[in-house]
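Notes follow the structure.
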Amino acid sequence: MGETRTWPAVAVASAITLICAIAGGIAASAAVAELTRGPSQAELREAQAAETALRWERWPVGRVFPASLAYNSEQGGRELARRVGVSTRTDCRSAVDTAAVRALRAAGCRAVLRATYLDGLQGVVVTIGVAAFPDAARARTALAAFPREGAPVPGLRALPFPGTVTDRFSAGGRQAATVRQAGPYLVLTTAGQVDGRPARGVGQQRATIFSFAGDLAGDVAAILTAPVPPDCRAREWQC
């Protein structure tokens, strides 16, 4: 009798052991599958957003601000604006007017990159600024700090370069501006004439002479947000 009662206990114990082994095998298989699967579409989108938000810091300056940018002239042809120089300062405070600094800081501004370009006829100076934020939502918040109708103040500060034809471009000489959002960035421009004439000294404003600044800003915005195939093995990708 004693021996016949031990078999059910042994059978139950064996069944439990088998179940545990199966469950352990399933868990191990799931863990292996999780470790070896490729990134999901959602993870790739997150990786793309993170990589884009760091381009201002990781890309060489010539990639953000090419040596020349094409634009449509007043006459309808294609011209090239040449890069005169790039600022060595990237702090948010020194790049924009005081009235806009607080809004940029509140939105988490990481840096503002600036470069100055000269139009094909060497009569108009354009400073382009790239304000970097942690994400697109923060950049959208900061957009409200700048006029949308083309007024240059408050806005991006002029960036002249001594010893070049841009050296007279100053705060008072800013005559037109643009601002647009490009993902986690704001791309701003401020434009004036090489002779440094103040905006208040200009009679009838010919707004079309500065309209090409929007083309330059559009090109820089497209460069900064251009999709790049994810490479999860590269240092700048986290996926």
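The values are calculated or read from the model by the stated rules, or taken from the named source; none is laboratory data. What you see is a predicted model, and the numbers here were worked out from it, not measured in a lab. Every residue, glycine among them, receives a Cβ derived from its backbone with ideal geometry; neighbour counts consider all protein chains shown. SASA here: full protein model, heavy atoms, side chains in, ligands and nucleic acids out. Shrake-Rupley method; radii C 1.70, N 1.55, O 1.52, S 1.80 Å.
The residues neighbouring R168, those whose beta-carbon lies less than 10 Å from its own, together hold a net charge of -1 under the Lys/Arg +1, Asp/Glu -1 convention. A 1.4 Å probe run over the range 67-123, with the rest of the protein chains in place, finds 54 Å² accessible per residue.
Computed on protein heavy atoms with a 1.4 Å probe, the accessible areas place T189, T178 in the order T178, T189, largest first.
Each Lys or Arg adds one and each Asp or Glu takes one away; over the other residues whose Cβ falls under 12 Å from the Cβ of V86, this sums to +4.
Tell me the relative contact order for the range 57-136 as a rounded percent, counting alpha carbon contacts under 8 Å between residues six or more apart.
Working: 116 pairs, mean separation 20.7, N = 80.
After rounding, I find 26 percent.
Of all accessible surface on the range 107-155 at a 1.4 Å probe, what whole percent is carbon and sulfur? That fraction is 52 percent. Taken along its three principal axes, the alpha carbon spread of the range 46-126 comes to 42, 34, 23 Å, from the longest extent down to the shortest.
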